[in-house]
Structure formats: C-alpha cells, structure tokens
Amino acid sequence: MPPLHRPATSTLRGTSALVAVVLGLVLGAVSTVLGLPLVVTAVALTCSAVAEPWLASPARAFMRRASFGHSVRLAGRAALVALAVSREAPDLAGAATAAAVCLVTVRVVDNLAGAVLRSRRTTAVATRNVGDLPGTRLPVPAAVLLPLTVRAAAVEPFVVVGLALTVVAPAWLTLAAVAVAAYAALALATGLVALRLGRTGTAAVLLPRVAAALDALAPDVALYLSGDAASVYQADMWLATLERTAPRSVVVLRERSVMERLAPTSLPVVCVPDATTLMALGLPTVRAALYPANVGKNIHLLREPHILSVFVGHGDSDKNASFNPFTRVYDEVWVAGPAGRERYRRAQVGVVDADVREVGRPQAAGLAALPVRSGAEVPTLLYAPTWEGWNEEQDYGSVAHLGVRLVEHLLASDAPVRIVYRPHPFTGRRRPEVRAAHARIIELLDAANARAGHPAPPLPPLVDEPADAASREAAVQARDAAWFASSPAAHLVVAPRTGVSMDACMTVADVLVTDVSSVLSDWLATGRPFGLAVPAHLAVDDLVRLAPTASGGTLLLADGTGLDEVRDLALGRTDDARADERLRLRTYLLGPSPATADVTFAAALRDVVARSEQRLARLATTDAPASATAAGTTHDAPALSDDAADGGAGR
C-alpha cells in the first residue's frame with residue numbers, strides 16, 4: 001500500500017524521472033532516425049539511463065507489465081547508440097555493436113544472478129530472539145545488494161558516452177569496455193555469492209534448527225498473524241500485553257514484510273511463509289494460539305489438534321466485522337466486556353455464548369488513568385476516522401462525507417482549537433473520493449499552520465531502540481509527549497507509519513471525533529467526550545441500534561449537525577451532559593476496570609493452556625495414536641502432500 005501522505009518532493013522526483021526516461025528514449029530514437037548529430041542522441045540516451053533509479057515503483061511496475069521493463073529499455077538505448085555510431089563512423093560499426101551486445105548480455109546475466117541471490121538469501125524460516133538463527137535475509141556483502149537498476153544505471157552512461165566519443169578518438173572505446181567489464185565482474189560476484197549460499201536458507205536446513213531452539217524455549221502460547229505490511233499493528237498492540245502476562249509466548253507470522261515491520265519485542269518471533277513448512281514445524285509445546293484477525297491462512301495453524309484457538313481481535317467495536325461468521329471456527333472468542341458478548345448474541349453467526357470470554361482491554365489501562373481534561377492552553381480535538389472498509393456494508397468511514405467539513409468548521413472557530421488528524425492505515429484503499437478528501441484535509445491543516453506561523457515539528461527518532469515492547473512503549477510515549485508539547489498550537493497529521501501511538505494522540509486530546517471503530521471503545525477509558533460520525537449509508541436510528549456507544553457522544557451528520565457542540569466541548573463552553581453515560585459504557589465495553597485487565601487476561605491464558613493440557617491428557621488415555629499425532633514432536637523437513645500443495649485450504 002502506498003503511503004497516505006507522500007511528500008511532494010518524492011512525487012515530483014518520480015514524475016521527473018519518468019519524463020526523463022521516456023522522453024530521453026524517444027528523443028534518442030528520433031535523432032537516430034533523422035540522422036541528427038551524434039551528440040544529440042548521446043545526451044538524450046544518457047539522461048534516460050541516469051534517471052532510471054529515480055523512477056517511482058508504480059511507474060516501473062506499469063512499464064514492466066507493458067513489456068517495457070528496464071532490460072528492454074536498456075537494450076533499446078544500447079541499440080540506438082550503436083546504430084548512431086555506425087552511421088557517423090561506419091568503420092566503428094563492429095566495435096559499437098559488440099559493446100552494445102556485451103552490455104545487454106551482462107544485464108541478462110546480472111538479472112539471473114540477482115534472481116538466484118534473492119531466492120537463496122531469503123530464508124524459508126525467519127526468526128527473531130531465537131538463538132543465533134537468521135532473520136528474513138541471510139547476510140551477504142553489501143556490494144552485491146545494489147539494486148539491479150542502480151547497477152546498470154551506474155555503468156550504462158559510461159558505455160553511451162564512451163561509444164559516442166569513439167567517433168572523435170577510437171581510444172574512448174576503452175571507457176565503454178572498462179564499464180562493461182566492471183558490470184560483468186559485479187554480475188559474476190553476485191552469482192558466486194549466490195552459489196556460496198547454496199541451501200543454507202532452505203527449510204531442509206533451517207527447520208530442524210528452529211524447531212530445536214523453540215523446543216528449548218518451550219512456548220505455550222502463540223500470537224498468530226497473517227496479512228500485508230500495513231496489518232502489522234494488529235500484532236504490535238498485543239506484544240507488550242503478552243510480555244507482561246505470558247512471557248512464554250511465541251509470535252508466529254506468515255509474511256516477511258510483516259516481520260520486517262514488527263515492533264521490537266523480547267518475545268521469540270518466527271516467520272513461516274510456507275504452509276507446508278509451518279505444518280512440519282508443528283509447535284509441539286504450544287497449547288493456545290491467539291488470533292488478532294480473521295484471514296484465510298489461519299487454517300494452517302487451526303488444523304493443529306494440540307492447540308486451542310482463541311480469537312482476540314485487534315480492537316473491540318460495533319462494526320459488523322467484530323462479529324464475523326468466520327469467528328465460529330475458534331475454540332474461544334475473547335471480548336473486552338459485556339458489549340462484545342451481546343454482539344455475538346444479537347448477530348447469531350454461530351458463536352456459542354459459552355465460548356465467549358470477557359477478559360477486559362489490557363491496552364486501555366494507561367488511558368483510564370488520564371484526567372478528564374488535558375489541561376493545555378489550546379484545547380485539542382483528535383479526528384481519528386476509520387477507513388471505508390472492503391465493501392459498502394462495512395463502510396463506516398467519515399473522511400469523504402464529513403472530514404473536510406469538520407476541519408473547515410474547526411479552523412473557522414473564533415477561539416483556537418488544535419486539530420490532530422490520525423487517519424486509518426487503510427484510508428483511501430478502496431475509494432478515490434476518500435483519498436481526495438484525505439489529501440484535502442492535509443492541505444487545509446498545512447495551510448492553517450502556514451498562516452499562523454506554527455509549522456508542524458519534525459518527529460525525532462528514538463535514540464535507543466529498546467529490545468522489548470513494554471520498554472519501547474514507554475520510550476515512544478515519552479518521545480511522543482515531548483513532540484506534541486513542542487508545538488502546542490500546530491495542527492498535526494499523524495499518519496500511522498510515523499510511529500506515533502494512538503494512546504499518545506488520545507492523551508493530548510480533550511475531545512475525540514471518530515467513527516464506529518475500536519478507537520471509540522478505547523477512548524471510553526479516558527472518560528472524555530466524543531463525537532460520533534453517522535455513516536453515510538445509515539440513518540441515525542439505525543446507527544443507535546447498531547452501536548450502543550452512540551448514546552455517550554454527540555452524533556455528527558453530513559449536513560453539519562453536531563459540529564458546534566463538539567467544538568464547544570473542546571473549548572469547555574458547554575456542559576458535558578453525557579459523562580455519566582460514558583462511565584456506564586466504559587464498563588459495558590471494556591469490563592469492570594481497565595487497570596486490572598492484565599490480571600484477568602493472564603488468568604484467562606492460564607486457564608486455556610490448562611484446558612489444552614487436560615484435553616491432551618484425556619486423548620492420551622483414550623486414544624494413543626491420536627495423542628501421538630497431537631503431540632507433533634517430530635520436525636522433519638516438509639514433504640509436500642496433496643493436502644498441503646494447495647496451501648491447506650487457505651486462500
């Protein structure tokens with residue numbers, strides 16, 4: 001997924017590179033066909049080659065799909081310069097053609113060597129905090145890691161210039177020859193490194209080592225996540241909780257991109273992309289698996305008979321995604337408070353009430369300790385909308401129909417209100433009008449900061465990156481608090497990729513405006529007022545029936561109804577008439593006390609692990625073959641079965 005707020009300089013650079021690459025090739029072809037001076041062809045083709053590394057990924061992917069990838073463009077430039085030299089100096093035609101052919105040949109060899117290196121360097125099983133085992137990539141010399149396009153772009157201009165100057169002095173052919181030879185040496189080195197890696201990163205080699213290391217750690221709880229890189233927050237939010245409540249846990253991921261973006265943690269982490277390898281790993285000591293998301297690849301661990309499955313989700317909300325029919329496959333479904341249980345009762349999606357357990361919301365403990373007002377001189381309104389969902393039925397987002405109007409209304413206030421805009425990571429993924437409204441909100445906030453002379457401060461990096469999630473949370477909170485305080489009147493756009501936590505945004509906010517989402521559930525822990533945007537496809541009465549939380553806040557409509565009230569709540573101009581209702585809702589959604597949720601959650605984990613052990617003991621006494629299968633203590637390298645070949649019924 002592309003960044004939500006791409007810097008203008010990056011966009012401009014990518015556009016300029018695309019123009020230079022394509023226009024340079026076109027001008028080179030035209031000048032060669034028309035017989036223009038060789039210098040025109042050489043300059044055009046050199047500019048085209050030099051601009052290659054700056055192409056934006058979407059443009060590069062589009063040209064590749066159009067059968068106009070980098071190798072084709074390089075071959076075209078090489079052919080054009082050879083043809084131009086041949087016309088200018090026929091006696092050099094052979095040398096120019098040979099140099100061009102050599103350049104293209106080396107490019108092909110380099111592509112093959114690079115592909116083999118990427119394949120062999122990528123580990124079949126990646127780990128973190130599991131002995132001295134490797135991560136997602138095996139270490140190799142930095143020189144062979146240069147992107148293939150950058151390598152070619154570093155060499156190609158010398159070949160073009162060398163061939164062009166050969167017309168003036170044949171000795172310049174040496175420049176082209178040396179450049180091609182250097183390129184060939186790098187391609188050869190890449191191939192040799194790939195050969196040297198051999199099968200080091202394969203499942204056959206790594207799986208027994210990973211299995212032995214995990215057996216030594218003996219984790220009894222697994223946090224399991226599959227998704228794209230933007231989904232990593234669904235695992236991140238549970239890391240500190242598990243470090244506190246279940247230190248004998250392991251994090252099991254299915255995508256390397258997720259592992260590379262996973263927050264620091266002291267827990268062992270294993271990434272197993274292949275379903276067959278995961279089944280061979282078995283995780284024999286694990287007794288309970290926690291699932292933050294409903295995705296197809298969950299089936300690859302759900303099929304392990306010795307592990308009880310628990311759906312924990314990634315936030316409690318009134319969205320219909322919070323009572324997905326898929327949830328019936330789990331042994332238990334954990335919710336924060338009575339509201340979660342009621343959702344499943346009302347939805348009738350096949351989840352048995354006895355399988356629903358109320359465990360509180362450990363992540364909300366810090367928010368529950370906040371005062372009712374932030375105490376800042378300029379009050380802050382946090383606008384944290386959800387995204388537009390995978391389909392119209394799940395579209396609870398307000399960015400398109402309310403976001404711009406809300407921001408314009410607050411910016412026009414007679415008393416200053418600071419706006420902190422925290423979009424969902426998936427904002428604009430499905431609907432172009434949402435992307436446009438999102439961009440407009442950012443423009444409005446940037447313009448307001450410019451007029452007031454309050455530029456948004458840069459976010460400082462963490463000086464020391466703690467190794468565990470709990471320490472990192474504390475360090476991030478301290479950094480974020482200092483960042484918010486450094487410019488108390490500046491409007492801020494807090495994209496999730498910045499690393500600024502939602503808790504930090506809530507801490508500085510006096511009022512929240514949000515949609516039907518888990519953000520609202522966590523906000524209730526603060527006791528502070530909120531405005532709830534009515535989805536465009538729902539009437540007010542329908543929203544109230546769908547979302548019990550609506551009774552605790554100001555309902556906001558697309559026509560502007562409710563905007564004055566949330567502004568006045570932020571400024572402290574009006575009484576907070578719904579404070580008692582929010583206290584009731586906090587218990588209803590989050591359980592009796594967020595401060596004691598860790599204790600409840602830890603007890604629930606111990607109980608599930610104990611039930612799993614008891615179940616295995618019963619199997620051992622009644623069906624010895626079944627218990628042997630359930631124990632799953634062997635870790636042979638995977639042999640592809642018919643069932644596993646299609647991903648184990650996954651997506």
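The values are calculated or read from the model by the stated rules, or taken from the named source; none is laboratory data. What you see is a predicted model; the values in this text were computed from it and never measured. A quick note on method: Cβ atoms are made from the backbone with ideal geometry, for glycine too, and the neighbour counts reach across all protein chains shown. Areas reflect the complete protein model, heavy atoms only, side chains present, ligands, DNA and RNA absent. Shrake-Rupley method; radii C 1.70, N 1.55, O 1.52, S 1.80 Å.
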For this session: Looking for whichever is at pLDDT below 85 and closer than 24 Å to residue 511 by Cβ here; the options are 369, 321. Which one fits?
Result: 369
Seminar exercise, completed: Going through (1) modelled with pLDDT under 85; (2) open to solvent by 30 Å² or more (accessible area, probe 1.4 Å); (3) not charged (D, E, K, R) one by one, residue 469 fails only at (2)
For this session: Determine if the stretch 318-326 includes at least one residue that is basic (Lys, Arg) and within 21 Å of residue 548 (Cβ to Cβ).
Result: yes
For this session: Search the stretch 505-534 for residues that are without any contact (Cβ under 8 Å) to a residue 60 or more places away in the chain and pair each with any residue that is of a type outside the set (A, V, I, L, M) and not in a loop (DSSP other than H, G, I, E, B) when their beta-carbon atoms are under 6 Å apart and the residues are at least 6 apart or on different chains.
Result: 530/523; 531/554
Exercise. Are any of the residues in the stretch 497-504 closer than 30 Å to residue 262 by Cα, open to solvent by less than 10 Å² (accessible area, probe 1.4 Å), among the polar types (S, T, N, Q) and out of contact with any Lys or Arg (no Cβ under 8 Å at 6 or more places or on another chain)?
Worked result: no
Exercise. Among the numbered criteria (1) in a helix (DSSP H, G or I); (2) over 30 Å from residue 473 (Cβ atoms); (3) open to solvent by 20 Å² or more (accessible area, probe 1.4 Å), which single criterion is violated by residue 168?
Worked result: (1)
Seminar exercise, completed: Counting only residues that are hydrophobic (A, V, I, L, M, F, W, C), open to solvent by less than 60 Å² (accessible area, probe 1.4 Å) and part of a helix (DSSP H, G or I), the stretch 483-496 contains a total of 2
For this session: State yes or no: is residue 578 open to solvent by 40 Å² or more (accessible area, probe 1.4 Å), more than 30 Å from residue 246 (Cβ to Cβ) and among the basic types (Lys, Arg)?
Result: yes
For this session: Run down 220, 215, 316 and say which single residue is out of contact with any helix residue (DSSP H, G or I) (no Cβ under 9 Å at 6 or more places or on another chain) and not small (Gly, Ala, Ser).
Result: 215
Exercise. Mind checking whether some residue in the stretch 161-178 is under 30 Å from residue 132 (Cα atoms) and among the aromatic types (Phe, Trp, Tyr)?
Worked result: no
Exercise. Within the stretch 586-598, is there a residue that is outside any loop (DSSP other than H, G, I, E, B), of a type in the set (A, V, I, L, M, F, W, C) and over 19 Å from residue 312 (Cα atoms)?
Worked result: no
Exercise. Which numbered condition trips up residue 309, out of (1) in contact (Cβ under 8 Å) with a residue 24 or more places away in the chain; (2) not in a helix (DSSP H, G or I); (3) not basic (Lys, Arg)?
Worked result: (1)
Seminar exercise, completed: Residues of the stretch 541-585 being of a type in the set (A, V, I, L, M, F, W, C), part of a loop (DSSP other than H, G, I, E, B) and over 30 Å from residue 357 (Cβ atoms), in sequence order, are 557, 558, 577
Exercise. Which condition does residue 147 not pass, out of (1) in contact (Cβ under 8 Å) with a residue 60 or more places away in the chain; (2) within 30 Å of residue 261 (Cβ to Cβ); (3) open to solvent by less than 50 Å² (accessible area, probe 1.4 Å), if it passes all the others?
Worked result: (3)
Problem set entry | Any hit, the stretch 640-647, residues being small (Gly, Ala, Ser), surrounded by fewer than 17 Cβ atoms within 10 Å (Cβ to Cβ), at positive phi and at pLDDT below 80 | yes
For this session: Give me a count of the residues in the stretch 404-457 that are part of a helix (DSSP H, G or I) and not charged (D, E, K, R).
Result: 21
For this session: Could you check, for the stretch 314-321, whether at least one of its residues is under 22 Å from the mean Cα position of the chain (by Cα) and part of a helix (DSSP H, G or I)?
Result: yes
Exercise. Out of the stretch 99-133, which residues are open to solvent by less than 50 Å² (accessible area, probe 1.4 Å) and either under 23 Å from residue 30 (Cβ atoms) or of a type in the set (Gly, Ala, Ser) (or both)?
Worked result: 99, 100, 103, 104, 113, 114, 115, 124, 126
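Here's the yes/no breakdown for (1) touching a helix residue (DSSP H, G or I) at 6+ places or on another chain (Cβ under 6 Å); (2) at pLDDT 90 or above; (3) open to solvent by less than 50 Å² (accessible area, probe 1.4 Å):
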residue: 419; (1), (2), (3): yes, yes, yes
residue: 422; (1), (2), (3): yes, yes, yes
residue: 426; (1), (2), (3): no, no, yes
residue: 429; (1), (2), (3): no, no, no
residue: 438; (1), (2), (3): yes, yes, yes
residue: 442; (1), (2), (3): no, yes, yes
residue: 450; (1), (2), (3): no, yes, no
residue: 458; (1), (2), (3): no, no, no
residue: 461; (1), (2), (3): no, no, no
Exercise. With 528, 567 as the choices, which residue is surrounded by 21 or more Cβ atoms within 10 Å (Cβ to Cβ), touching a Leu at 6+ places or on another chain (Cβ under 9 Å) and within 30 Å of residue 346 (Cα to Cα)?
Worked result: 528
For this session: Could you tell me whether the stretch 137-150 includes any residue that is modelled with pLDDT of 90 or more, charged (D, E, K, R), out of contact with any Leu (no Cβ under 7 Å at 6 or more places or on another chain) and in a strand (DSSP E or B)?
Result: no
Exercise. So, in the stretch 373-389, of the ones that are of a type outside the set (S, T, N, Q) and touching a Lys or Arg at 6+ places or on another chain (Cβ under 6 Å), which residue ends up surrounded by the fewest Cβ atoms within 10 Å (Cβ to Cβ)?
Worked result: 378
Seminar exercise, completed: Among helices (runs of 4 or more DSSP H) entirely inside the stretch 53-134, those with 2 or more residues being within 30 Å of residue 217 (Cα to Cα) and touching a residue at least 24 places away in the same chain (Cβ under 8 Å) are 93-121
Problem set entry | Test result for residue 516, of a type in the set (A, V, I, L, M), open to solvent by less than 40 Å² (accessible area, probe 1.4 Å) and assigned to a helix (DSSP H, G or I) | no
Seminar exercise, completed: Residues of the stretch 541-564 being out of contact with any strand residue (DSSP E or B) (no Cβ under 9 Å at 6 or more places or on another chain), within 25 Å of residue 378 (Cβ to Cβ) and surrounded by 14 or more Cβ atoms within 10 Å (Cβ to Cβ), in sequence order, are 564
For this session: Looking for whichever is surrounded by 14 or more Cβ atoms within 10 Å (Cβ to Cβ), under 33 Å from the mean Cα position of the chain (by Cα) and either under 25 Å from residue 221 (Cα atoms) or at pLDDT 95 or above (or both) here; the options are 603, 597, 631. Which one fits?
Result: 597
Exercise. Inside the stretch 472-482, can you point out the residues that are open to solvent by 50 Å² or more (accessible area, probe 1.4 Å), among the charged types (D, E, K, R) and free of Cβ contacts under 8 Å to residues at least 24 places away in the same chain?
Worked result: none
Exercise. Filtering the stretch 346-357 down to residues that are modelled with pLDDT of 90 or more and open to solvent by 70 Å² or more (accessible area, probe 1.4 Å), which residue is farthest from the chain's Cα centre (by Cα)?
Worked result: 354
